[in-house]
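Okay, structure first, notes after.
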Amino acid sequence: MRSKLELVADGFSFPTAIAIDHEGTAYVAESGLQFDGAAPGGHIWRVGRSSELLKEGLRAPVTGLVFYEGGLYLSEGGNPGRITRLGLDGSSSTIIDGLPGAGNYHTNTVAIATDGWLYFGQGALTNTGVVGLDALELAWLRHVPDGYDTPGFDVVLAGERFETADPRRGGDARAITGAFAPFGSWRAQGQRVRKSLPCTASVMRLRPDGTQLELVAWGLRNAFGLGFLPDGRLLAIDQGADDRGSRPVGDAPDLVFEVKSGAWYGWPDFIGGIPITDERFTPVRGQRPTFLLTNHGELPPPERALARLPSHTAAAKFDVGPDGTIYLALFGDERPLTAPPGEQVGRGVARLHPSDWSVTPFLSSPLLRPIDVKYSRTDGALYILDFGHFEMNAAGFSASARTGKLWRLRL
């Protein structure tokens, strides 16, 4: 199989998304993350014999890129989040702005239905509903000190409080933070938090002109990968909770869901239909989590997953091959930030079989951090986008700019 793998282009700095137009031309989005001296702001490249810069200065991180009816729809996950339509001549227009941004997760990739509606995932700002010191480690708390998650349904709080050091005041100062509240704030037991739109941890949709924003479903922690199957079903890859922060969770899998209108997918209190209080989710870095919400009975029953992937696999994006097989890009773990040190997982491409929703390995070496896959009907090949060298260690990040690559695999 490796003999069929061809390098199409390289030298990208932390790319996150690929799109292919009706003529088979590939476009690559660079995230704009400034590791290892990479240029600030997201970039869009048209890939050819020599790559051509189509757009720069986008809000980082750029998380998604989709071709539709002569243009590219790109997701900018900065503060605030934004979805933009980019013409192939470099012209651009804003579809929607003011989305939640600059948290743990962001405004994610767009999936476009046959009727033209634009669906997109909006990640949670926090790991599991509480702003903890992990938000400081991920560098967003300094920039958005009042940020917190906003629910898509009305929720009633259990009044759980979480105590941490308070870096704002230094010394021995302590802070108490609660669910759906800024760092250092909490809401009392029984308080009802009203739904809002836009909201975090959700899938939403809108018209191509930016009107009629609607909630589709709530409770998906981070629907980073989103797309329609040939039969019209909408799938989401929901990246599982981590063993970090004020409300850590142990051994939470990545999940594949069918997205259904009006459904609740369990976040922040259930994982694939299983209560977060279950002993299997006991973390190493803290106590077993308790419920944040008391009105589960008012909410739709939490949805169960079609498929589960190993904890910290970091399944990213997917596409459907010619025989209906779903190809998944598995970015891989980010230990020790997301969990205690342990075995590396992910860092490859897997196949998901819709007949029974089983998952099988497909390709690993020479991939470093695959993050997107696209099947091109023009040449019958699977394109694989590799984020490049990016690892964690006790001191922080080890990342290398210009190591991102675009590969082509003949199926």
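Laboratory data are not the source of any read-out in this text; all were calculated from the coordinates shown. What you see is a predicted model, and the numbers here were worked out from it, not measured in a lab. All Cβ positions, glycine included, derive from the backbone under ideal geometry; neighbour counts span all protein chains shown.
Residue by residue through the stretch 244-266, note down the ones that are touching an Asp or Glu at 6+ places or on another chain (Cβ under 8 Å) and hydrophobic (A, V, I, L, M, F, W, C). Within the stretch 244-266, V249, A252, L255, V256, F257, A263, W264 meet the criteria.
Going by the structure shown, is D372 touching a residue at least 60 places away in the same chain (Cβ under 8 Å), within 20 Å of the chain's Cα centre (by Cα) and under 20 Å from V28 (Cβ atoms)? Yes; evaluated as a whole, the condition is true for this residue. Of all residues in the stretch 44-58, those being touching a residue at least 12 places away in the same chain (Cβ under 8 Å), surrounded by fewer than 24 Cβ atoms within 10 Å (Cβ to Cβ) and out of contact with any Phe, Trp or Tyr (no Cβ under 8 Å at 6 or more places or on another chain) number 4. Restricting to the stretch 239-269, name every residue that is within 15 Å of R304 (Cα to Cα) and touching a helix residue (DSSP H, G or I) at 6+ places or on another chain (Cβ under 8 Å). Those that are within 15 Å of R304 (Cα to Cα) and touching a helix residue (DSSP H, G or I) at 6+ places or on another chain (Cβ under 8 Å): A252, D269. Go through the residues of the stretch 127-144 one by one and say whether even a single one is of a type in the set (S, T, Y), crowded, with 16+ Cβ neighbours inside 10 Å and farther than 30 Å from F67 by Cα. Taking every residue of the stretch 127-144 in turn, at least one turns out to be of a type in the set (S, T, Y), crowded, with 16+ Cβ neighbours inside 10 Å and farther than 30 Å from F67 by Cα.
Restricting attention to the stretch 358-408 and to residues that are in a loop (DSSP other than H, G, I, E, B) and hydrophobic (A, V, I, L, M, F, W, C), the residue that is farthest from P341 (Cα to Cα) turns out to be A401. For the stretch 166-180, indicate whether the set of residues that are over 17 Å from the mean Cα position of the chain (by Cα), part of a loop (DSSP other than H, G, I, E, B) and within 29 Å of A314 (Cα to Cα) is non-empty. Yes - at least one qualifying residue is present in the stretch 166-180.
Yes or no, residue by residue, for (1) surrounded by 15 or more Cβ atoms within 10 Å (Cβ to Cβ); (2) in contact with an Asp or Glu (Cβ under 7 Å, 6 or more places away or on another chain):
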| position | (1), (2) |
| --- | --- |
| T282 | yes, no |
| T294 | yes, no |
| S311 | yes, yes |
| G324 | no, no |
| Y327 | yes, yes |
| Q344 | no, yes |
| F362 | yes, no |
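Scan the stretch 319-338 residue by residue and report those that are within 20 Å of A252 (Cα to Cα) and not in a loop (DSSP other than H, G, I, E, B).
As a first pass, look at the stretch 319-338 and keep what is within 20 Å of A252 (Cα to Cα): 328-338.
Across the stretch 319-338, the qualifying residues are L328, A329, L330.
Within the stretch 76-103, residues that are at positive phi have Cβ atoms under 8 Å from residues that are assigned to a strand (DSSP E or B) and of a type outside the set (A, V, I, L, M, F, W, C) in these pairs: G90/K55; G98/G81; G98/R82, counting only partners at least 6 apart in sequence or on another chain.
If you go through the stretch 1-30 one residue at a time, how many are touching a residue at least 40 places away in the same chain (Cβ under 8 Å) and surrounded by 15 or more Cβ atoms within 10 Å (Cβ to Cβ)? So that I can check it myself, show each step before the final result.
Filtering the stretch 1-30 down to residues touching a residue at least 40 places away in the same chain (Cβ under 8 Å) leaves 1-2, 4-24, 26-30.
Filter once more, keeping what is surrounded by 15 or more Cβ atoms within 10 Å (Cβ to Cβ): 5, 8-9, 12-21, 26-30.
Residues in the stretch 1-30 being touching a residue at least 40 places away in the same chain (Cβ under 8 Å) and surrounded by 15 or more Cβ atoms within 10 Å (Cβ to Cβ): 18 in total.
Among the residues making up the stretch 355-391, those that are in contact with a Lys or Arg (Cβ under 6 Å, 6 or more places away or on another chain) and among the hydrophobic types (A, V, I, L, M, F, W, C) are F362, A381, F387, F390.
Among the residues of the stretch 181-196, those that are of a type in the set (S, T, N, Q) and either in contact with a strand residue (DSSP E or B) (Cβ under 8 Å, 6 or more places away or on another chain) or in a strand (DSSP E or B) (or both) comprise S185, Q189, Q191. Kindly indicate whether T403 is among the hydroxyl-bearing types (S, T, Y), closer than 21 Å to Y27 by Cα and surrounded by 19 or more Cβ atoms within 10 Å (Cβ to Cβ). Criteria met by T403. Scanning the stretch 22-43 for residues that are outside any loop (DSSP other than H, G, I, E, B) and over 13 Å from L88 (Cβ atoms) yields V28, A29, E30, F35, D36, G37, G42, H43.
Going by what's in this entry, would D238 be described as under 16 Å from Y327 (Cα atoms) and either of a type in the set (D, E, K, R) or under 19 Å from the mean Cα position of the chain (by Cα) (or both)? In short, yes.
Among the residues making up the stretch 153-167, those that are within 15 Å of A181 (Cα to Cα) and not polar (S, T, N, Q) are D154, V155, V156, L157, A158, G159, E160, R161, F162, E163. Looking only at residues in the stretch 197-254 that are hydroxyl-bearing (S, T, Y) and in contact with a strand residue (DSSP E or B) (Cβ under 7 Å, 6 or more places away or on another chain), the one that is surrounded by the most Cβ atoms within 10 Å (Cβ to Cβ) is T200.
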